[in-house]
Each structure stands twice: as structure tokens, then as C-alpha cells.
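Read through the structure below, which is laid out as C-alpha cells, and then see the notes.
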Amino acid sequence: MALNHYLCNMFEDLKIYCAPLQGFTDYIWRNTHAEMFGGIDIYYTPFMRMVNGKIPKRDIHDILPENNTATIRPQIIACAPTDAVMMATKMKEMGYHCIDINMGCPHPPIALKKKGSGILAYPDVCKQTLSALAQIPDMEYSIKMRLGYDDAQQWKSILPLFESINPKVIVLHSRIGKQLYKGEINFEQFMEFAQSCRYPLIYNGDIKSIEQIYTIKEKCPNLSGVMIGRKLLATPDLFETEKSAEKIRHFHDLLLERYSEKLTGGEHQILSKMKTLWEYLLPDGDKKARKLIKKSNNLTKYNEAVNLIFRNSDFK
């Protein structure tokens, strides 16, 4: 039973979003997860960015409508208004009329350039970028953000600026950028944000169970939804009532088949991509098998290690 069906008796109209993780939730992963498990209302895509004045082809390729069978919301990251407008305009040309503005990425190479969560420390930069995006006709926006970059109350200077774009939703990860993904969630600040926010609000950060979603919803009754990232990568069937090792194995095998078809760099590239998957997948799986996956230098050894992890792991 998929996520939305499981939750429908508890939460009416609670939306479930899949968080974007750069290098992990590409269109092949998104399409395969939607096909195998479903239950996600919208998959947010990893952010599109500008590199040397251009949009990388791989960023465009990932959001091409013909490549996406899952329902997606493309995302941009920028601090320069011209860059933001160029990317939003490109997405509009591709047929998208709602995109997400990334104000949450915590990684220092991004944040220190006033992008992602880094922009939250610069209200003037944020205002300029939002004002420029607001001028694009027939385009709607959502926001994915943190409480701040180095101060958990920086959102108080940013939230009023959203009036220029009137976002459809705000996804709030209740850490500051400097925390990366470490330390405690600041739920007190999340609740203060929720009380101040007039836009539909989505909770994001360290969701690990359906029971946790229930608790968050109880504490914040007006919550519009939740966004789940790393836990969904670790446990693709997290919200299914009947766990099945065979189904997770089928999910893995479909990914391997599809990456093998699409990646043109040979066995090494395919192996590298599949090893990346195991950075999150089944973290409690057999340790010996996980080490063998990491050490495998060809697909034969890789598949032997995968067979071992599915034989020896507990999927209850």
C-alpha cells in the first residue's frame, strides 16, 4: 500500500514530496521509484545552475519532459537575478509553469557564493532575485529553504520578501545552513515560522517514519505536507504496509538496467553510479556485503555482492 493511501485516513490532503539530492534523485531514479512504489505527489529535481554563463546540458537533460514520467517540480539555484531569470525562462520554454527556488542547499561551495542557504544571510540579494523572477509572466514558484545560514532567525528578514512572488508552497528544513545535515532540528523555530507564514507550509528534515509525520501534523495542524529525502533513498518502500525484499531487489535491478541503457561511459561509469546508490540504500544491510559492493571493480563482483546483501539482510 503506497504512502498517500496509508496516510489518507489520518491526514486529509497532506501532500508528500520527495526531496532533491544532487547526484542521487535523477530522472531515472525518480521514474523508477514512482513506478515501483508511488505515493509521492511531487518529486523535486536537483537544482539547475549556471556554469560559466550557461546552463549545463546535463541539468537540462534531467528535466526534459520526455525523460520524466513522474510528476516533478524543477528547481533553480542562483544569487544573480540575470542567472535566475535565464533558468526560469528556459524552464518556461520547456513547458514548466511552476518551479522551485533553492534557498536551502547547505554545502559550503554553494552557500559561500550566496546561493542556496547562503542567500538567507543577504536579504538585499534575495529581494533582487525574487523581484526579477516576479517579472516573468505566467510563472509560479515554490521555495525550499532553511531557517537561515548562520542564524536560526534569519528567516524573519526573508519571509516578507516572498510577497513579490506569492509562493505556492514553502518547504522549510529546520536547520541552519552551517549545520549541514548534522545536529538537532530546531522545531521551536519551525513552529514560530509556521505561525508567521501565510503560505502553505511543508515540513522537511529527518523524517524517518509515518509515526513521526503523525506527530508533526499533530503539533502543526495547518501543515500542508512533508518532504522526505535521505530516508526515502535508504528505504524506498518506507511507506508500504507490506515490506518485500523482492520488491526492493526489483527496484535495484530496474535501476541497474536503466542506467546501463542510458550511461555511455561503459562498465566503470555504471558501476560508479550504482555504488553511489548504496551510500544510502539499506544502511542496516549486511556489513560484509556492503564492503564488497564498495570494493567491487567490475559488474560481476558487484552483482555477487548485491546477491549477498539480499541473502543476508533482514527486511522485516
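The values are calculated or read from the model by the stated rules, or taken from the named source; none is laboratory data. No experiment lies behind these values; they were computed from the predicted model shown. As a convention, Cβ positions derive from the backbone with ideal geometry for all residues, glycine included, and neighbour counts pool all protein chains shown. Side chains included, ligands, DNA and RNA excluded: accessible areas come from the protein's heavy atoms. Shrake-Rupley method; radii C 1.70, N 1.55, O 1.52, S 1.80 Å.
Of note:
- Charge context of G104, other residues only, Cβ under 12 angstrom, K/R +1, D/E -1: +3
- Cα-based values for the range 79-222, radius of gyration first and Dmax second, are 15.1, 43 Å.
- For the residue pairs K90/K231; K114/K275; K57/K295; K247/K291; K243/K273; K92/K275, the C-alpha atoms sit more than 28 angstrom apart in K90/K231; K114/K275; K57/K295; K92/K275.
- With Cα atoms defining each centre, the range 113-184 and the range 293-310 are spaced 42 Å apart in the structure.
- Neighbourhood net charge (12 Å Cβ-Cβ; Lys/Arg +1, Asp/Glu -1) for C79: +3
- Low-density loop cleavage sites - trypsin sites (Lys or Arg not before Pro) in the range 196-249, where at most 15 other Cβ are within 10 Å (DSSP): R198, K208, K243
- Within the accessible area of the range 36-75 (1.4 Å probe), percent carbon and sulfur: 51 percent
- Net charge over other residues, Cβ less than 15 angstrom from the Cβ of N186 (K, R count +1; D, E count -1): 0
- Residues M36, M86, M227, ordered by accessible area of protein heavy atoms at a 1.4 angstrom probe radius and largest first, appear as M86, M36, M227.
- Between E242, E163, E279, the GNM of the chain built on Cα springs shorter than 10 angstrom shows E242 fluctuating the most.
- With the simple spin-label model, which puts each label point 7 Å out from Cα in the Cβ direction, the T89 to A234 separation comes to 4.3 nm.
- Per residue, the chain exposes 48 Å² of accessible surface when a 1.4 Å probe is rolled over the protein heavy atoms with every protein chain present.
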